[in-house]
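The values are calculated or read from the model by the stated rules, or taken from the named source; none is laboratory data. None of these values were measured; they are calculated from a predicted model. Every residue, glycine as well, gets a Cβ built from its backbone with ideal geometry; the counts of neighbours run over all protein chains shown. These accessible areas exclude ligands, DNA and RNA; they are computed on the full protein's heavy atoms, side chains included. Shrake-Rupley method; radii C 1.70, N 1.55, O 1.52, S 1.80 Å.
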Amino acid sequence: SYTCAFSVAACNGGADLVVNLDMSKGALKVGQRNHEINGVAKRAKFLSHNLFKSWGKLKRLGPFDCVVVDPPSYQKGSFVAEKDYVKVIRRLPSLVAPNGCALLCLNAPELDTVWLKSQVRDAAPELVFVERIPNPPSFESAFPERALKVLLFEYIPAGID
(Lines give C-alpha, C1' and ligand atoms only; values in the text may rest on other atoms or scores of the structure.)
Protein backbone atom coordinates (compact mmCIF):
# COMPACT_ATOMS: atom_id res chain seq x y z
CA SER A 1 0.00 0.00 0.00
CA TYR A 2 2.97 2.37 0.61
CA THR A 3 0.89 5.60 0.69
CA CYS A 4 -2.47 3.98 -0.13
CA ALA A 5 -2.86 6.26 -3.16
CA PHE A 6 -4.74 3.60 -5.15
CA SER A 7 -7.38 3.31 -2.46
CA VAL A 8 -7.71 7.08 -1.97
CA ALA A 9 -8.33 7.35 -5.72
CA ALA A 10 -10.81 4.47 -5.57
CA CYS A 11 -12.74 6.16 -2.75
CA ASN A 12 -12.75 9.45 -4.65
CA GLY A 13 -14.02 7.50 -7.66
CA GLY A 14 -16.96 6.13 -5.68
CA ALA A 15 -15.76 2.88 -4.04
CA ASP A 16 -17.88 1.92 -1.03
CA LEU A 17 -15.02 0.10 0.70
CA VAL A 18 -11.29 -0.22 0.14
CA VAL A 19 -8.91 -2.53 1.94
CA ASN A 20 -5.21 -1.74 2.21
CA LEU A 21 -2.91 -4.57 3.15
CA ASP A 22 0.76 -4.10 3.95
CA MET A 23 3.21 -5.66 6.38
CA SER A 24 4.54 -2.19 7.18
CA LYS A 25 2.59 -0.44 9.92
CA GLY A 26 4.43 2.77 9.02
CA ALA A 27 3.19 2.64 5.42
CA LEU A 28 -0.35 2.03 6.63
CA LYS A 29 -0.13 4.99 9.03
CA VAL A 30 0.83 7.22 6.07
CA GLY A 31 -2.08 5.72 4.15
CA GLN A 32 -4.52 6.33 6.99
CA ARG A 33 -3.43 9.96 7.12
CA ASN A 34 -3.89 10.29 3.34
CA HIS A 35 -7.43 8.93 3.67
CA GLU A 36 -8.16 11.39 6.49
CA ILE A 37 -6.79 14.34 4.48
CA ASN A 38 -9.00 13.33 1.56
CA GLY A 39 -12.10 12.82 3.70
CA VAL A 40 -12.50 9.12 2.84
CA ALA A 41 -11.21 7.41 6.01
CA LYS A 42 -14.61 5.92 6.92
CA ARG A 43 -14.59 3.80 3.75
CA ALA A 44 -11.12 2.34 4.28
CA LYS A 45 -9.72 -0.62 6.19
CA PHE A 46 -6.03 -1.05 6.95
CA LEU A 47 -4.59 -4.50 7.60
CA SER A 48 -1.02 -4.88 8.78
CA HIS A 49 -0.64 -8.50 7.67
CA ASN A 50 1.42 -10.82 5.56
CA LEU A 51 -0.69 -11.39 2.45
CA PHE A 52 -0.01 -15.11 2.42
CA LYS A 53 -1.42 -15.44 5.94
CA SER A 54 -4.47 -13.22 5.35
CA TRP A 55 -6.45 -14.82 2.52
CA GLY A 56 -9.30 -15.89 4.80
CA LYS A 57 -9.74 -12.38 6.18
CA LEU A 58 -9.62 -10.85 2.68
CA LYS A 59 -12.12 -13.38 1.33
CA ARG A 60 -14.56 -12.52 4.12
CA LEU A 61 -14.33 -8.82 3.17
CA GLY A 62 -14.84 -9.56 -0.55
CA PRO A 63 -15.53 -10.25 -3.24
CA PHE A 64 -14.16 -7.02 -4.62
CA ASP A 65 -15.04 -5.22 -7.86
CA CYS A 66 -11.36 -4.48 -8.35
CA VAL A 67 -8.21 -5.83 -6.73
CA VAL A 68 -4.92 -3.97 -7.13
CA VAL A 69 -1.81 -6.09 -6.67
CA ASP A 70 1.29 -3.95 -6.29
CA PRO A 71 3.85 -5.97 -4.37
CA PRO A 72 7.51 -5.16 -3.88
CA SER A 73 9.73 -6.82 -6.46
CA TYR A 74 11.91 -8.11 -3.67
CA GLN A 75 11.38 -7.97 0.06
CA LYS A 76 13.79 -10.20 1.94
CA GLY A 77 12.03 -12.92 3.85
CA SER A 78 8.52 -12.20 2.57
CA PHE A 79 8.18 -11.65 -1.19
CA VAL A 80 10.25 -12.31 -4.29
CA ALA A 81 8.27 -11.53 -7.44
CA GLU A 82 9.79 -14.27 -9.55
CA LYS A 83 8.66 -17.03 -7.20
CA ASP A 84 5.82 -15.50 -5.16
CA TYR A 85 3.74 -13.49 -7.64
CA VAL A 86 2.19 -16.67 -9.04
CA LYS A 87 0.98 -17.58 -5.52
CA VAL A 88 -1.00 -14.33 -5.46
CA ILE A 89 -2.30 -14.76 -9.01
CA ARG A 90 -3.48 -18.31 -8.31
CA ARG A 91 -5.73 -17.09 -5.49
CA LEU A 92 -6.98 -13.84 -7.06
CA PRO A 93 -10.20 -15.38 -8.46
CA SER A 94 -11.32 -16.01 -4.86
CA LEU A 95 -11.16 -12.26 -4.18
CA VAL A 96 -12.53 -10.72 -7.40
CA ALA A 97 -16.25 -10.49 -8.17
CA PRO A 98 -17.42 -11.91 -11.51
CA ASN A 99 -16.65 -9.41 -14.28
CA GLY A 100 -14.51 -7.49 -11.78
CA CYS A 101 -10.94 -6.51 -12.51
CA ALA A 102 -7.47 -7.24 -11.30
CA LEU A 103 -4.84 -4.59 -11.81
CA LEU A 104 -1.43 -6.24 -11.58
CA CYS A 105 1.64 -4.08 -11.12
CA LEU A 106 5.21 -5.29 -11.56
CA ASN A 107 8.27 -3.15 -11.06
CA ALA A 108 10.96 -5.79 -11.51
CA PRO A 109 13.27 -4.83 -14.39
CA GLU A 110 14.28 -8.44 -14.97
CA LEU A 111 10.65 -9.59 -15.48
CA ASP A 112 8.70 -8.41 -18.52
CA THR A 113 5.06 -8.19 -19.59
CA VAL A 114 5.22 -11.57 -21.32
CA TRP A 115 6.35 -13.15 -18.05
CA LEU A 116 3.47 -11.63 -16.06
CA LYS A 117 0.86 -12.51 -18.68
CA SER A 118 2.12 -16.10 -18.82
CA GLN A 119 1.91 -16.38 -15.03
CA VAL A 120 -1.73 -15.30 -15.17
CA ARG A 121 -2.55 -17.52 -18.16
CA ASP A 122 -1.11 -20.59 -16.40
CA ALA A 123 -2.28 -19.96 -12.82
CA ALA A 124 -5.64 -18.20 -13.29
CA PRO A 125 -6.88 -18.52 -16.89
CA GLU A 126 -10.24 -17.03 -15.88
CA LEU A 127 -8.43 -13.70 -15.56
CA VAL A 128 -8.55 -12.39 -19.12
CA PHE A 129 -6.00 -9.83 -20.27
CA VAL A 130 -7.56 -6.48 -21.23
CA GLU A 131 -4.66 -4.07 -21.67
CA ARG A 132 -1.38 -2.75 -20.41
CA ILE A 133 -1.94 0.65 -18.82
CA PRO A 134 0.66 3.11 -20.12
CA ASN A 135 2.88 4.80 -17.59
CA PRO A 136 2.37 8.56 -17.30
CA PRO A 137 4.83 10.81 -19.15
CA SER A 138 6.60 11.63 -15.89
CA PHE A 139 7.34 7.92 -15.47
CA GLU A 140 8.31 7.16 -19.08
CA SER A 141 11.27 4.92 -19.76
CA ALA A 142 13.51 4.34 -22.74
CA PHE A 143 13.16 0.64 -21.83
CA PRO A 144 9.46 0.06 -21.06
CA GLU A 145 9.88 -3.64 -20.32
CA ARG A 146 12.37 -2.81 -17.58
CA ALA A 147 10.10 -0.14 -16.09
CA LEU A 148 6.85 -0.40 -14.15
CA LYS A 149 4.34 -2.66 -15.86
CA VAL A 150 0.62 -2.26 -15.04
CA LEU A 151 -1.67 -4.87 -16.59
CA LEU A 152 -5.46 -4.92 -16.40
CA PHE A 153 -7.34 -8.24 -16.34
CA GLU A 154 -11.05 -9.02 -16.17
CA TYR A 155 -12.29 -11.96 -14.09
CA ILE A 156 -14.62 -14.10 -16.20
CA PRO A 157 -15.50 -17.26 -14.27
CA ALA A 158 -16.25 -20.42 -16.23
CA GLY A 159 -19.86 -20.44 -17.44
CA ILE A 160 -20.21 -16.61 -17.59
CA ASP A 161 -20.16 -14.97 -21.00
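Dipole check for the chain: with +1 at the C-beta of Lys and Arg, -1 at the C-beta of Asp and Glu, and the Cα centre as origin, the magnitude is about 800 Debye. Exposure check, 1.4 Å probe, all protein chains in place: residue 37 carries approximately 110 Å² of accessible surface. Treating r as the C-beta distance of residue 30 and residue 74 and R0 as 30 Å, the FRET efficiency rounds to 0.90.
Tally Lys and Arg at +1 and Asp and Glu at -1 over the other residues with C-beta under 10 Å from the C-beta of residue 146: what net charge comes out?
Combined, the nearby Lys, Arg, Asp and Glu give -2.
Accessible surface of the chain, 1.4 Å probe: 54 percent of it comes from carbon and sulfur atoms.
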